[in-house]
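In what follows, a structure is listed as structure tokens, so that the remarks can point back to it.
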Amino acid sequence: QLQLVESGGGLVQAGGSLRLSCAATLSILAMDPVGWYRQAPGRQRELVASIGRQGHIVYADSVKGRFTLSRDNAENTVNLQMNSLESADTAVYYCYGRHGVFESWGRGTQVTVSS
């Protein structure tokens with residue numbers, strides 16, 4: 001069974017940085033895909049970044065050049081480094097992963113960017 005647990009959210013000023021981490025109960029390397037979504041108040045959940053088993057990474061246009069997705073094999077985590085944060089990045093960030101027949105969402109972590 002796949003379980004995902006997020007950490008690293010918080011409050012930051014515009015222009016600042018945060019790093020989100022998602023720990024999984026199954027191998028991150030075997031997931032296809034695994035990554036991050038976000039949902040702002042009154043808006044639909046949207047893809048932020050994801051990585052497939054072969055290592056191909058997809059980013060939302062709004063975060064390209066500011067956010068970096070990576071996998072940590074030793075820790076079995078997928079991490080999202082967020083730089084140059086903007087107020088528009090304020091949302092609940094969810095980790096999502098699919099491992100064979102299993103798929104799961106984390107409970108989410110709040111990111112708030114103050115202007």
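For this structure, a couple of remarks:
- Å² per residue, accessible surface of the chain at 1.4 Å: 54
- Rounded to whole Hz, the Karplus (6.51, -1.76, 1.60) HN-Hα couplings of the stretch 92-106, x for glycine and proline: 8, 9, 10, 8, 10, x, 10, 10, x, 7, 9, 9, 7, 10, x
- Taken about its Cα centre, the stretch 26-82 carries a charge dipole of about 200 debye when Lys and Arg each add +1 at the Cβ and Asp and Glu each add -1 at the Cβ.
- Here the Karplus curve 6.51 cos²θ - 1.76 cosθ + 1.60, taken at θ = phi - 60°, turns the phi angles of the stretch 28-44 into couplings of 4, 5, 8, 7, 8, x, 9, x, 10, 10, 9, 9, 8, x, x, 10, 6 Hz, with x standing for Gly and Pro.
- Shape of the stretch 26-78, Cα gyration tensor, a/c cut at 1.5: prolate
- Here the stretch 1-96 is assigned +1 on the Cβ of each Lys and Arg and -1 on the Cβ of each Asp and Glu. Its dipole about the Cα centre then comes out at about 80 debye.
- Reported value for the chain: 91 Å³ per residue, from the convex hull of its C-alpha atoms.
- By accessible area, using a 1.4 Å probe on protein heavy atoms only, the chain has 46% of its surface on carbon and sulfur.
The values are calculated or read from the model by the stated rules, or taken from the named source; none is laboratory data. Owing to the predicted nature of the structure, the values given are computational and were not obtained by experimental measurement. Positions of Cβ are backbone-derived with ideal geometry, glycine not excepted, and every protein chain shown enters the neighbour counts. Surface areas here come from the heavy atoms of the whole protein model, side chains and all, with no ligands, DNA or RNA. Shrake-Rupley method; radii C 1.70, N 1.55, O 1.52, S 1.80 Å.
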